[in-house]
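This report concerns only the one structure given below.
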Amino acid sequence: MKQQQRDSISAGRRHTVGLRSDGTVTAAGDNKYGQCEVKDWHNIVAVSAGSVHMAPNSGNAHTVGLRSDGIVTAVGWNNNGQCDLNHWRGIVAVAAGWRCTIGLRSDGTVVAVGRNNEGQCNVSDWQGITAIAAGDWHTIGLQSDGTVTAAGTNRYRQCEVSEWRDIVAVAAGYLHTIGLETNGTVLATGDNKLGQCQVSDWQDLLAVAAGSKHTVGLQADGTVVATGWNKYGQCNVTEWSDIVAIAAGCSHTIGIRSNGTVVAVGDNEYGQCNVRDWNGIDQINNQ
């Protein structure tokens, strides 16, 4: 692999997880299944929060942490075995979907555990992968040559990515997929009923994130753009500045400033946006 994927912040349906620069982790929001019980984690280099969509049972979430030694830990809902990761080794990136967890090995192969009813865990034959993303029912892999592969449900064409080229980052939402091109423009496929795929005019982007039905982009000047579902104000990011990393949950959006503090907008019913007192959050994003 050319570069390890780093995720210093992640947002789920009802909770948010942040990676501090010292390798410890903090969390805010719903903790019904223990998905926020991360205070004892150490030597973490990436985090991922599962569960994206708004269905009543989508609060059943889990949180995944990647350690510096390539071992993975997880807490939270484990009904489908999505937290059974202790045997994984040599992992360099993780992605938590709905009831499943995806891991990228250092050799470019991919492992998956959890719900596979829609084929989202059918990734054992993937090779040359440099980054991964997990939606609710589909999984996306970025290959070393800049092309993209996908597995899982394709009802809304969210897996129609085989013709994409020159991609440097990917993101997966509930029913849509986003790809960041080398020139800073963005591609999208999948459900677009709420405009979550209307990104063709975006330019100079450094990072992308996909929520349930909204899409967020980090621009080179540290400002942020968003499109799609905005019922809870999760797309109200135009006033943000000095942002170095972003994450999109089901209905909230998170940004890390260059000083390691965090901003949030959107649904806060469970306190998932209560991040104002966070500091020292790792500023290295996965781009």
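Rule-based calculations on the coordinates, nothing more; no lab input. This one's a predicted model, so the numbers in the text were calculated from it and none came from an experiment. We place every Cβ from the backbone using ideal geometry, glycine too, and count neighbours over all the protein chains shown.
For the pair the range 117-144 / the range 239-287, the C-alpha centres are spaced 26 Å from each other. Ranked by the mean number of other Cβ atoms within 10 Å per residue, highest first, peptides 63-73, 12-22 order as 12-22, 63-73.
Approximating the spin labels as points 7 Å out from Cα along Cα→Cβ, the Ala220-to-Ser124 distance works out to 4.4 nm. For the range 144-150, putting each phi into the Karplus relation 6.51 cos²θ - 1.76 cosθ + 1.60 with θ = phi - 60° gives couplings of 5, 8, x, 8, 10, 10, 8 Hz, in residue order, rounded to whole numbers and with x for Gly and Pro.
Extension gain for Thr109 to Thr182 (0.36 nm times residue separation, less C-alpha to C-alpha distance): 24.0 nm.
The HN-Hα couplings worked out from phi for the range 36-45 by the Karplus form 6.51 cos²θ - 1.76 cosθ + 1.60 (θ = phi - 60°) are 9, 8, 10, 5, 8, 6, 9, 6, 8, 10 Hz, whole numbers, x standing for Gly and Pro. Which whole-number percentage describes the relative contact order of the range 1-160, with Cα contacts under 8 Å and a sequence gap of 6 or more? It rounds to 16 percent for the range 1-160. A simple rule links phi to the HN-Hα coupling: the Karplus curve 6.51 cos²θ - 1.76 cosθ + 1.60 with θ = phi - 60°, which for the range 115-124 gives 4, 9, 4, 9, x, 5, 9, 7, 10, 5 Hz, with x for Gly and Pro.
What fraction of the Cα pairs in the range 1-127, stated in percent, has a spacing above 18 angstrom? Percentage above 18 Å: 47. For the range 9-266, with equal point scatterers placed on the C-alpha atoms only and solvent neglected, what are the log10 I(q)/I(0) values from the Debye formula at q = 0.08, 0.12, 0.15 1/Å, to two decimals? Those come out to -0.26, -0.61, -1.01, one per q. Spin-label model, Asn43 to Ala55: label points 7 Å out along the Cα-to-beta-carbon direction sit 3.8 nm apart.
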